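Participant: Shown below is the structure under consideration.
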Amino acid sequence: MLSELHIQDIVLIDRLTLSVGGGLTALTGETGAGKSILLDSLDLATGGRSDKGLVRQGAQSGIVSASFEVGENHPVWSVLQENGLPTQEVDGLVMLRRVQGADGRARAFINDMPVSVALLRQVGETLIEVHGQHQAQGFLHAGAHRALLDDFGDHEKLLVKIRADWAAWRAAQTALADRVLDRDAAQREAEWLRFAVAELEKLTPEKGEETSLAERRSVLMAAEKVVSDLNEALTCLAEDGLETRLSGALGRVEQAAARLAGDSAKELTALVARLDGMLSEVQEARSAAQQSVVSFEFDPQELEVVEQRLFSLRAAARKYNTGPDELGPYLAELVSQLQLLEHGEADLAALKQTVATTQKAYLGAAEKLSLARRKTAKKLDKAVAQELAPLKLGTATFAVLLDSDAAHAG
């Protein structure tokens, strides 16, 4: 049911919001009062032909929105769902909006989501039916005839099943087509795939390996100079018998302190402690320097191995146009493609079987629906015929014509 019509900058209307209640609403007025503007606006909002002449003079664009309160079983929900529009969070309200530019361009929206004018028209046709002096638009649209027949025969359960079977069949066909394309592409690149997989499996790249190798290479390249600097430091620590001289000085001060007693010896005792600490620090520093010389000992062979591995990883990354850390996932992708090539026939057979199974299910459902429609058509023919005589149309004939073609399923 139409609940509200909002019009802005259309023909003579600056801004208008018309709320429509339940039951019959009549718009009356003399010729030229603007009744047709309301109908033209509603037609524009529901997908009618756009016309820049509808935009009010001086305005850049005109806007019409129509809000409809719709029951949960209304066919509009199926149309929205099939076209990927939300149906759960709209709370039974469908709002159609059309923006008509003065330059002739027009935009369409359903529940504030941009859509094509064709979809807006399709949705609009499920929501309103216009009857005029010389027209009954609902009956003029052939697409509505089948819905009327299904409504009369209460075929909703059959329709739900055939939609599901059709979607399953189409999905199986798409999966099969995609797999065939993948297989054909893999076959064209089979030789290259095998070579690339063998090369990368031999390389066995690991994530983060390039970073660790680069860091180790830097350490090894600097190791020779570092060891030289550390040896110089050891020489400085031992130069002129620093440790011996500190030890001698410590002994002399200890002797001097021993000759004194009481408070007189405190100052020399403190000096003994300081010299002893300095001697310990020198000894510990020399030991640490010696250990560092060992840990940074330069190994030309290790440097060569590290550089060769690092350069191999980077060369492979350039060759396969990826990062060194991505070589592992890339190898897995190539292996998957190769397996698809080697085991693809079995997969294809399974997919073909799925296509055949879903096709059979769809065609079975279609046959049941066609049979139900044929039975309903006869009932509808009789029901309408009974209504024709009281209307003085007793010689008229009403017939439902059914035509189906399995080669053009849908």
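The values are calculated or read from the model by the stated rules, or taken from the named source; none is laboratory data. Remember, it's a predicted structure, so these values are computed and weren't measured experimentally. Positions of Cβ are generated from backbone atoms using ideal geometry, with glycine treated the same way; all protein chains shown enter the neighbour counts. Please note that ligands, DNA and RNA were not included when accessible areas were found on the heavy atoms of the full protein model with its side chains. Shrake-Rupley method; radii C 1.70, N 1.55, O 1.52, S 1.80 Å.
Participant: Test Glu297 against the criterion of being modelled with pLDDT of 70 or more and either open to solvent by 80 Å² or more (accessible area, probe 1.4 Å) or closer than 30 Å to Glu210 by Cα (or both), and give yes or no.
Facilitator: Working: modelled with pLDDT of 70 or more: no; either open to solvent by 80 Å² or more (accessible area, probe 1.4 Å) or closer than 30 Å to Glu210 by Cα (or both): yes.
Judged against the criteria, Glu297 is not a match.
Participant: Only one of these is out of contact with any Pro (no Cβ under 7 Å at 6 or more places or on another chain) and modelled with pLDDT under 70: Glu215, Glu206, Glu224, Glu254. Name it.
Facilitator: Values: Glu215 fails: modelled with pLDDT under 70; Glu206 fails: modelled with pLDDT under 70; Glu254 fails: modelled with pLDDT under 70.
Only one candidate qualifies: Glu224.
Participant: Turning to a different aspect of this structure: Could you pull out the residue among Leu348, Leu313 that is at pLDDT below 90 and within 30 Å of Pro205 (Cα to Cα)?
Facilitator: Details: Leu348 fails: within 30 Å of Pro205 (Cα to Cα).
Exactly one residue qualifies, and that residue is Leu313.
Participant: Under the condition of being among the hydrophobic types (A, V, I, L, M, F, W, C) and touching a residue at least 24 places away in the same chain (Cβ under 8 Å), which residue from the range 297-316 is nearest to Val226 (Cα to Cα)? Reasoning before the result, please.
Facilitator: Just the residues of the range 297-316 that are among the hydrophobic types (A, V, I, L, M, F, W, C), to begin with: 298, 303, 305-306, 310-311, 313, 315-316.
With touching a residue at least 24 places away in the same chain (Cβ under 8 Å) added as a condition, the list becomes 298, 303, 306, 310, 313, 316.
Values: Phe298: 9, Leu303: 15, Val306: 19, Leu310: 22, Leu313: 28, Ala316: 32 Å.
For the range 297-316, the residue satisfying everything is Phe298.
Participant: Answer yes or no: is there a residue in the range 330-337 that is assigned to a helix (DSSP H, G or I), among the polar types (S, T, N, Q), touching a residue at least 12 places away in the same chain (Cβ under 8 Å) and out of contact with any strand residue (DSSP E or B) (no Cβ under 9 Å at 6 or more places or on another chain). Talk me through it step by step, then tell me what you get.
Facilitator: In the first step, residues of the range 330-337 are kept if they are assigned to a helix (DSSP H, G or I); the result is 330-337.
Those still in the list that are among the polar types (S, T, N, Q) too: 336-337.
So of that shortlist, the ones also touching a residue at least 12 places away in the same chain (Cβ under 8 Å) come out as 337.
Within this subset, residues satisfying the condition of being out of contact with any strand residue (DSSP E or B) (no Cβ under 9 Å at 6 or more places or on another chain) are 337.
Yes: one or more hits.
Participant: Does Ser61 satisfy the criteria of being under 17 Å from Arg97 (Cα atoms) and under 36 Å from the mean Cα position of the chain (by Cα)?
Facilitator: Working: under 17 Å from Arg97 (Cα atoms): yes; under 36 Å from the mean Cα position of the chain (by Cα): yes.
Considered against the rule, which asks whether it is under 17 Å from Arg97 (Cα atoms) and under 36 Å from the mean Cα position of the chain (by Cα), Ser61 comes out as yes.
Participant: Would you check which residues across the range 358-410 are open to solvent by less than 100 Å² (accessible area, probe 1.4 Å), in a helix (DSSP H, G or I), of a type outside the set (A, V, I, L, M) and over 15 Å from Phe152 (Cβ atoms) and list them?
Facilitator: Matches in the range 358-410: Thr358, Gln359, Tyr362, Gly364, Ser370, Pro390.
Participant: To continue, here is another question. Using beta carbons and a limit of 7 Å, which pairs, at least six apart or on different chains, have the first residue in the range 107-121 and more than 12 Å from Ala45 (Cα to Cα) and the second one among the basic types (Lys, Arg)?
Facilitator: Pro114/Arg107
Participant: Report, by residue number, each residue of the range 54-89 that is among the aliphatic types (A, V, I, L, M) and farther than 24 Å from Leu16 by Cβ.
Facilitator: Restricting attention to the range 54-89, the residues satisfying the condition of being among the aliphatic types (A, V, I, L, M) are 54-55, 59, 63-64, 66, 70, 76, 79-80, 85.
Within the range 54-89, Val76, Val79, Leu80, Leu85 meet the criteria.
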